[in-house]
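Chemist: One structure, pasted below without further comment.
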């Protein structure tokens, strides 16, 4: 056997690896979002909520816990300023998170939210959230990131604790050079 007979197999293998990588990056995330939307599982929250006048249920308190995780490739310090709050359903609330770029290079992060228990996701409404946008931080810089939310008074009575979690990812390589120059 000579080396030339392996060339077509190597080319096909490289091509297959590239196709699988592109599929995982560009096709799977929208499919996952669609799956979660259709089935209602996964605790994903929707985009900005247009706040309407909700009646505050002062007879009930809900504990809201805040949890974060950094993706393994994300070298930022990232945490909620408060670990939990107690609010009345229908009451608007604002909380903040702290983020610091611990590297010597400009980076862009993106936070992905999740709500637990899953049946609470439809009742947890973010009116403003840092997760709606990319979060650019220059080398060594820090920022206070805000979330404003309302828990719908129709939250099932069996739910007394809601956990809002964020995982933050490094998306620096996925943004354009124009976005990087705006840091």
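Read-outs: derived from the displayed coordinates by stated rules, not from any lab. This one's a predicted model, so the numbers in the text were calculated from it and none came from an experiment. Here the Cβ positions follow ideal geometry from the backbone for every residue, glycine too, while neighbour counts run over all protein chains shown.
Chemist: Say R0 is 35 Å: what FRET efficiency, to the nearest 0.05, do residue 65 and residue 175 get from their beta-carbon distance?
Modeler: The value I calculate is 0.65.
Chemist: Quote the relative contact order of the stretch 43-181 in percent (integer), defining contacts as alpha-carbon pairs under 8 Å separated by 6+ residues.
Modeler: Reported relative contact order: 35 percent.
Chemist: For a protection proxy built on the mean count of beta-carbon atoms within 10 angstrom, sort 107-118, 56-67 highest first, please.
Modeler: Ranked from most to least packed, the peptides come out as 107-118, 56-67.
Chemist: Pulled fully out, how much extra length does the chain show between residue 112 and residue 144, if you take 0.36 nm times their separation in residues and subtract their Cα-Cα distance?
Modeler: Numbers: separation 32, 0.36 × 32 = 11.52 nm, distance 1.67 nm.
Stretched out fully, the residue 112 to residue 144 stretch lengthens by 9.8 nm.
Chemist: Same structure, new question: Give, in nm to one decimal, the length gained when the segment between residue 152 and residue 14 is fully stretched (0.36 nm per residue of separation minus the Cα-Cα distance).
Modeler: 44.6 nm
Chemist: Given the stretch 55-150, what whole percent of its Cα pairs are spread farther than 18 Å? Walk me through the numbers before you get to the answer.
Modeler: Values: 2238 of 4560 pairs.
Percent of Cα pairs beyond 18 Å in the stretch 55-150: 49.
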